[in-house]
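One structure is given below, encoded as structure tokens.
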Amino acid sequence: MTVAPKREAYDMVVIGAGPAGLAAAATSAEAGLSTLLLDENVGPGGQVFRAIASTPVTERNQLGADYWVGADLVQALRASGAEIIHRATVWSLDRNLDIAVSIGGASAFVKAKRVILATGALERPFPIPGWTLPGVMTAGAAQTMLKSSALVPDGRTVIAGQGPLLWLLAAQILRLGGRIDRILDTTERGNYFAALPHAFAFLTSPYFAKGLSMMREVKAKVQVVSGVTELAASGDGQLASVSYVAGGKRETIAADLLLLHQGVVPNVNLAMSAGIEHRWDDLQLCWSPVLDASGNSSVAGIAIAGDGAGIGGANAAVVRGRIAACAAVEALAPAAAAKVPAMAMLRSDLAKAERGRVFLDTLFRPAPHFRIPSGDTIVCRCEEVTAKDVLDSVAIGATGPNQLKAYRRTGMGPCQGRLCGLTVTELMAQARGKSPQEIGYYRLRAPVKPITLAELAAVPKSEADVRAVVRG
Amino acid sequence: MSTNVDAIVIGGGIHGCSTALHLCLAGLKPVLIEKDYAGRHASGVNAGGVRQLARHIPEIPLSIRSMGIWEKISDLLDDDCSFESYGQVLVAENEDELAICRARVAELNALGFTHEELIDAAELRRLVPAVAETCPGGIVSRRDGAANPAQTTTAFRRKAELLGATVREGVAADNIRHRDGLWHVDVGSESFAAPVLVNAAGAWAGRIAADLGEPVPVETVAPMLMITSRVLHFIDPVVILRGRKLSFKQFKNGTVLIGGGHLATPDQERNETVLDWKSLATSARTVFELFPVMRSATIVRAWAGIEARMKDDLPVFGPSSRHKGLYHQFGFSLHGFQLGPGAGAVMAELIVNGGTQTRIGDLGIDRFHPSTL
């Protein structure tokens, strides 16, 4: 059933129903703000709690206790009185807080006094030779299938990359009876030393014990190769093998499926298209929005919470969602501020949730050679532009990602830079001897997700059109 | 300490870049100053229409001059600018509109212009098979076409620099003053001096003219465009409508550009525009009605470039009416891209020779300020 928003204007519109969005919408609605939660998926949860209300996986242990925390958040939201619309793709947001949303093939416009963006994270591009072959996919895509349909790989499967999610996915696949032939760990040896000074915070964080036991669980069942310094997928129109170098030794193994993952980065497209200022984060190696302590962005009225505000994980996302919502309540309905959690308490929750993050960021900082490809490796999948193509354009005068569009169509395809943006920025920065901040990023424009011409043609006419018709 | 050059060109749009290039070709050493980067605004993000069709009569000679350069653009720039020439077609949606077309072509013919040609329903269908069958005809300008605007503007800039122009990007021209017969302009920590100053600053040019005592009726506008995903090839010429705001172009890669002059809200200080989706929906409806083949295409991106529009829709082009050595080249009012190559050539003639064979008399700033020179 298709449900359009009930009103044309809301006090609060929250975009995204992951941990941050669920918490933000519930907090806002509990305080009495008219609240609309728009979410792209079929049910609440985002990626972390994907299919929390519908998963066919019933054995709780298989997805881990952390996953089921999502159920409480959903319950709180449903009791809060917030209006919730799923399968709702927000395709435009501007600095006037006008929102365009596509729901079941029809678009509607709503206006908000406050917006909280909780659009979460994307997997970082992993541009190795052969990464565009059928049979190579991201770990996140595999996890989506696992959570929503209990589908796990049964062919010869290799998982390559690094980061907490990689180990989580491996554990989940194994618990559901899936097959993993080998794990290729690309964590740089030097990262262990770099992360050491931050180890104390990590050891005392909730991540530590869980992470360690998960890695033990996986390593007991799968051959893990660490210190992988080179990685390539090959095959004729379909993945056939994965070759890698570890400890100076090259090895090639046959594979039907290669799952790649080297961490997640903020999903910035909607925020950037709204004109929100972003900065290059040199530790997390991505663009993060410039925010104040309550998550308010450079555009008045728009706050960002969750991993879209800088990667912090699910626990931090929940708290940041509450903080952003409380700040909005304080601004719009000061009298209701007593109904929401105290800011001081939330800030201490956040400090707790963020403990250990610097350690993880440092340890799992992807190596330059896995972020910045060379030669014939594809950078932009939509337009099939290689690393060499980009460097050739730099040599004849392209200075940044937007200028590059005059030479190559990088970033102009349907993905709007989601799969190439970071690579292009870092590649051009390296080639020009500049920082990514100086090089910049694509200027992103709506629609942030494509809509059909027919759908746009069917939106309600503007008042000016109606007047023109009346006048004849 | 000022650097002496032969000319200072302010504005790295297609006009400023073209003028800088043509000055180099004439043996001068200009400096080109662009506050962002060449092609950042309207010149780099417009529809790319290379159109003589449906122009105001006073700018037709400049447009024809420009067309000759477009047809040899590779020779000039060592870059094909993705220029292609499948004509531009103005579609009449009913008999009334066709009658207006007929009168227009007759008027042009009487003035000696033959580039616009009246076509009937059969020829329209031959040129644009996908158009709705109810359209009775229109006008074609067969030498017209389209180019890639960012590629073109960048190519002009690159060639100008190659031929000796100094290019300063990322810093605005500041503190413009005339002293001892020379124009002085600060660019960050640098300063340039030249006997000639060209004001080609697009949406920012009106302010420069006003500061120099020559205010003109100009506003800042941001016409919107949107582009679709790839669809099967179905159209070659650029199509514009007589009655409704629409321009339409399919590129070689299958993507379709939809424009027509609906406006976004510009924010000149921030270099930003806020799109008006309800107006874009009007464009979508027009395409939906005229080109049923497009209905399932997806819109991938929409944008708007900031530019200057004159109250009378005509550019300000030619020497200042107050200051010796000052030249204006702005206010192209949503149709300046095709004029860029020719306008640069003519501007260089005005500067170097003091005159030109191309008729531009109706475009001067003296239409607002009688000359005091």
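Quick notes
- Residue check, residue B:261 in contact (Cβ under 8 Å) with a residue 60 or more places away in the chain, in a loop (DSSP other than H, G, I, E, B), under 30 Å from residue B:124 (Cα atoms) and under 18 Å from the mean Cα position of the chain (by Cα): yes
- Screening the range B:41-81 for residues that are acidic (Asp, Glu) and within 23 Å of residue B:109 (Cβ to Cβ) and picking the one that is surrounded by the most Cβ atoms within 10 Å (Cβ to Cβ) gives B:59.
- Residue B:88 satisfies every condition listed in (1) in contact (Cβ under 8 Å) with a residue 24 or more places away in the chain; (2) out of contact with any His (no Cβ under 7 Å at 6 or more places or on another chain); (3) surrounded by fewer than 24 Cβ atoms within 10 Å (Cβ to Cβ) except (3).
- Checklist (1) touching a helix residue (DSSP H, G or I) at 6+ places or on another chain (Cβ under 7 Å); (2) closer than 30 Å to residue A:420 by Cα; (3) not hydroxyl-bearing (Ser, Thr, Tyr) applied to residue A:129, failing item: (1)
- Which numbered condition residue A:408 fails, given (1) more than 14 Å from chain B (Cβ to nearest Cβ); (2) more than 26 Å from residue A:95 (Cβ to Cβ); (3) surrounded by fewer than 23 Cβ atoms within 10 Å (Cβ to Cβ): (1)
- Unique residue being buried (at least 21 other Cβ atoms within 10 Å of the Cβ) and among the aliphatic types (A, V, I, L, M) when the list is A:52, A:103: A:52
- Qualifying positions in the range A:139-164 - buried (at least 22 other Cβ atoms within 10 Å of the Cβ) and among the hydroxyl-bearing types (Ser, Thr, Tyr): A:157
- Of the strands (runs of 3 or more DSSP E) lying entirely inside the range B:144-252, those containing at least 1 residues that are over 22 Å from residue B:334 (Cβ atoms) span B:166-169, B:173-179, B:182-187, B:190-194, B:196-199.
One line per residue, one yes/no per condition, for (1) among the β-branched types (Val, Ile, Thr); (2) under 17 Å from the mean Cα position of the chain (by Cα); (3) outside any loop (DSSP other than H, G, I, E, B):
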| residue | (1), (2), (3) |
| --- | --- |
| B:58 | no, yes, yes |
| B:63 | no, yes, yes |
| B:66 | no, yes, yes |
| B:75 | no, no, yes |
| B:96 | no, no, yes |
| B:100 | yes, no, yes |
| B:107 | no, no, yes |
| B:112 | no, no, no |
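- Filter result for residue B:133 (more than 30 Å from residue A:409 (Cβ to Cβ), assigned to a loop (DSSP other than H, G, I, E, B) and either among the charged types (D, E, K, R) or within 14 Å of chain A (Cβ to nearest Cβ) (or both)): yes
- Among residues of the range A:88-101, those that are in contact (Cβ under 8 Å) with a residue 60 or more places away in the chain and either over 15 Å from residue A:13 (Cβ atoms) or more than 20 Å from the chain's Cα centre (by Cα) (or both), counted: 5
- Just so you know, in the range A:271-316 the residues that are closer than 22 Å to residue A:48 by Cβ and free of Cβ contacts under 8 Å to residues at least 24 places away in the same chain include one that is nearest to the chain's Cα centre (by Cα), and it is A:288.
- The conditions of being out of contact with any Pro (no Cβ under 7 Å at 6 or more places or on another chain), crowded, with 17+ Cβ neighbours inside 10 Å and within 14 Å of chain B (Cβ to nearest Cβ) are not met by residue A:366.
All of the numbers you see were taken from the coordinates with simple rules; none came from a lab. Fair warning: this is a prediction, and the values are worked out from it, not measured in the lab. Heads up, the Cβs are rebuilt from the backbone with ideal geometry, glycines too, and the neighbour counts pull from every protein chain shown.
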